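Colleague: Take a look at the following structure, please.
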Amino acid sequence: MRIAIGCDPNARTAKEELMKFIKSKGLGELIDFGSEDTVYANVAIKVAEAVASGECDRGILICGTGIGVCLAANKVKGAYAALLSDIYSAKRARLSNNANIACMGAFTIGSKLREELAEAFLTNEFVPGCPSEPKVNAYMNYDKTR
């Protein structure tokens, strides 16, 4: 799995720690989109475009709260970013919502939880035929028309 990852300068340390964890677990090949741009939307859009185009399979974005990068990523057609703060939601983001980008906060959650969220997000897959499939199809079909 190819994983696009990026953050703003406030989250650089959080991103570096998370990258070490992902590598140590063998969860995928990381493509680092940087952490230097103070305008978090720029890196979020680059990561989202890489995921939406199929260049990368999943994405991870981090800023102070995760909210800003999530909003920016979701502006890209084909990007489905979810703000993660608990393990259940991280699993459900994949299993029943088919999210392809995980967004997290550097200031709102600790490094251990970020690791657990990333692992849950990266190791679960959408379940075709699940009760959520018509809902997921609705927003994906709408996305195709814009």
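Colleague: Can you tell me the orientation of helix 133-145 relative to the chain, as the angle in degrees between its alpha-carbon axis and the longest Cα principal axis, to the nearest 10?
Modeller: Orientation of helix 133-145: about 80 degrees from the principal axis.
Colleague: OK, next. Hey, fewest Cβ within 10 Å first, where do Thr13, Thr38 land in order?
Modeller: Thr38, Thr13
Colleague: Can I ask one more? At q = 0.09, 0.16 Å⁻¹, what log₁₀ I(q)/I(0) does a Debye calculation on the Cα points of segment 2-145 give, no solvent, two decimals?
Modeller: Each listed q corresponds, in turn, to -0.23, -0.74.
Colleague: Which trypsin sites (Lys or Arg not before Pro) in segment 49-81 sit in a loop by DSSP (not H, G, I, E or B) and have at most 13 other Cβ atoms within 10 Å of their own Cβ?
Modeller: Those satisfying the criteria are Lys75, Lys77.
Colleague: Using Cβ counts within 10 Å as a stand-in for footprinting exposure, how do Glu29, Glu125, Glu17 rank, fewest first?
Modeller: In order of increasing Cβ crowding within 10 Å: Glu125, Glu29, Glu17.
Colleague: Once you list every other residue whose beta carbon is under 15 Å from the beta carbon of Ala52, what net charge do they have if Lys and Arg are +1 and Asp and Glu are -1?
Modeller: +3
Colleague: Sort Tyr139, Tyr88 so that the residue with the fewest other Cβ atoms within 10 Å of its own Cβ comes first and the one with the most comes last.
Modeller: If I rank by nearby Cβ atoms, fewest first, I get Tyr88, Tyr139.
Colleague: Most mobile of Val76, Val136, Val47 per a Gaussian network model of the chain (Cα springs, under 10 Å)?
Modeller: Val136
Colleague: Could you compute the net charge surrounding Arg12? Neighbours are other residues with a C-beta less than 15 Å from the C-beta of Arg12; K and R count +1, D and E count -1.
Modeller: Counting the neighbours of Arg12, the net charge comes to -3.
Colleague: Per the helix-only calculation at 222 nm, which mean residue ellipticity applies to the chain, given -39500 (n - 2.57) for every DSSP H run of n ≥ 4 and division by its residues, nearest 500 deg cm²/dmol? Don't jump to the answer; show the numbers that get you there.
Modeller: Working: 6 runs with 70 residues, N = 146.
Computed ellipticity for the chain at 222 nm equals -15000 deg cm²/dmol.
Colleague: Is there a quick way to get the dipole size of segment 87-146? I mean about its Cα centre, with the Cβ of Lys and Arg at +1 and of Asp and Glu at -1; what is the value in debye to the nearest 20?
Modeller: Dipole about the Cα centre, nearest 20: 180 debye.
Colleague: A follow-up question, please. Remind me, relative contact order of segment 2-145 in percent, using alpha carbon pairs under 8 angstrom and six or more residues apart?
Modeller: For segment 2-145, the relative contact order is 24 percent.
Colleague: Given Ala99, Thr145, Pro131, which one lies farthest toward the positive end of the charge dipole of segment 88-146, if we put +1 on the Cβ of every Lys and Arg and -1 on the Cβ of every Asp and Glu?
Modeller: Thr145
Colleague: Separate question: Return the subset of Lys15/Lys112; Lys23/Lys112; Lys20/Lys75; Lys20/Lys91; Lys46/Lys77 for which the Cα-Cα distance in this structure is over 24 Å, preserving the input order.
Modeller: Lys20/Lys75
Each reported figure results from applying straightforward, stated rules to the coordinates on display, with no laboratory input. Computed from a prediction, not measured in an experiment: that's the story for all the values here. We place every Cβ from the backbone using ideal geometry, glycine too, and count neighbours over all the protein chains shown.
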